[in-house]
1. Quick one: Cα centre-to-centre distance for the stretch A:8-55 and the stretch A:120-198, in angstrom?
2. Enter the mean number of other protein chain beta carbons within 10 Å of the beta carbon of each residue in B:38-44, as an integer.
3. Taking square-rooted eigenvalues a ≥ b ≥ c of the alpha carbon gyration tensor, is the stretch A:22-162 rounded, prolate or oblate, where a/c under 1.5 means rounded and, failing that, a/b exceeding b/c means prolate?
4. Set the Förster radius R0 to 30 Å, insert the Cβ-Cβ distance between B:S151 and B:K174 as r into 1/(1 + (r/R0)^6), and round the FRET efficiency to 0.05.
5. Under the definition of partner shielding as Cβ atoms of other protein chains within 10 Å of a residue Cβ, what is the mean value for peptide A:86-98?
6. In a shell of Cβ-Cβ distance under 10 Å around B:T186, excluding B:T186 itself, what net charge do Lys and Arg (+1) and Asp and Glu (-1) give?
7. Across peptide B:26-37, how many C-beta atoms of other chains are within 10 Å of each residue C-beta, on average?
8. Output the pairs from B:K90/B:K148; B:K174/B:K218; B:K57/B:K171; B:K147/B:K171; A:K121/B:K36; B:K47/B:K173 with a Cα-Cα distance over 27 Å in this structure; if there are none, say none.
Amino acid sequence: MSTYADISRNGLWKQNPAVAQILGMCPVLAISTSAVNGISLGLATALVMALSNMCSAMLRNFIPYEIRIPVFILIIAALVTAVDLAMNAYLHSLYLVLGIFIPLIVTNCIVLARIEAFAAKNETAPATFDGWMMGIGLTAVLGILGGIREFLGTGQLLSGIEMVIPGTHALQILPQDYPGFLVAILPPGAFITLGFLVAAKNWLDARAAKAAAASPLAVHA
Amino acid sequence: MSRATALSMSLRNALMMVLFTLAFTGLMASVYQATKVPIAASAREEKLKLIGEVLPKGDYDNDLLKDSVDIGLPPELDLREAGHAYRARKQGQPVAILLEALAHDGYAGDIGLILAIRQDGRVIAVRTTEQKETPGLGDYIDIHKDKKKDSPWITQFNELGFNQVAQAQWKVKKDGGRFAYHTGATISARAVTNATRRAVQFVEANKDKLFATPTGGKL
């Protein structure tokens, strides 16, 4: 039985969807051209993951094992459609930014993976929390990845923020005449930057493991 | 497993699948019904806001969205589906034609444009309605993404027609024309410039008919 602390640790770090499970690469690579895009889509994904985990956990005793995958897909597709329509109706300015990416959440296999791995076997409350924390872990990586690519590519940070919060504007970090670094913005930049992020996570984990092994006080981590 | 239990299990699963499908289709249908009115309202709102960017509200006094002509699929505008041109009038006098155009030759997908063009063929303003050009590089064609806030790139077409800039000159400087572009991101600027030229060409060729055709009529 996982505790809420374990669920958070798994979602944010140990089993982070983007840098540990390497799942759901389509949106991670396509949308992370700027921090605002990445975080916005990440939050929409987190919402869908929390809802779909909740629904699947609630219905888990009624779903026959043999047809669970099509039923899960049905649940995800219905919830994504509902979120898409609701955002179009009530959060229209944000929808204009994210509109084309919302339907893509259906294709993000991390959503299905968490239902299958967690929600199908757990109570509703921890399952909902798991979906949300996995989504937040994904959002954090999308935000960092987007921020790095945007900074290297254009010298700015948070461009597009005015579409989410009117009246604010992007931060110009490098001088205005920075020529830009095109590779960072194009798809190869996403692969390369993600590679560095995965490496950084593994390096930190390895260092922590080494420190734990060297310390006589730490019986086990 | 005997044949009878295999059959009953299949039947049970099929029945469950149908039940789940009905339940979740019902959920989608009810959300669709509940959001239909606000979505239509925001679409209309957005259209008017977009028109407001190329033509100030005070410049016309008719109900623009209702004063339209069916322009079909003119080759100059490269539309995906049959389009409409809207006529802006003030006290019955023609002010401008509003139309949409599409450029297929952007860097990443189609670039959608909305243009307000005077009856004499001069552009009042052009704006992008959709574009997926490279963020921070080619997306300066979108006035909201352009870093030069005092004289955005797309405003250089304002008040120009073929009398001011000859049709053959209506290109980016790299192609021997007279419109500026950003180094390293010519493709986006070229696509918008050429699409704008074609739209002006269309209005030049049809300017009398565009205003004279009765509302709702075909060009």
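Read-outs: derived from the displayed coordinates by stated rules, not from any lab. Predicted model, so just to flag it, every value in this text is computed and none were measured. Don't worry about glycine lacking a Cβ; one is built from the backbone with ideal geometry, like all the others, and counts go over all protein chains shown.
1. 11
2. For peptide B:38-44, the averaged partner shielding equals 4.
3. Prolate is the answer for the stretch A:22-162, as a/c is 1.5 or above and a/b outweighs b/c.
4. Working: r = 20 Å, r/R0 = 0.66.
According to the calculation, E is roughly 0.95.
5. Working: counts 5, 1, 5, 10, 4, 1, 7, 2, 0, 2, 3, 0, 0.
That works out to 3 on average.
6. Values: positive: B:K173, B:K174, B:R190; negative: B:D175.
Net of charged neighbours comes to +2.
7. Details: counts 1, 6, 7, 2, 1, 9, 3, 1, 4, 8, 2, 1.
Averaged over the peptide's residues, the number is 4.
8. On the way: B:K90/B:K148 33 Å; B:K174/B:K218 39 Å; B:K57/B:K171 30 Å; B:K147/B:K171 22 Å; A:K121/B:K36 37 Å; B:K47/B:K173 32 Å.
Distance filter (> 27 Å) returns B:K90/B:K148; B:K174/B:K218; B:K57/B:K171; A:K121/B:K36; B:K47/B:K173.
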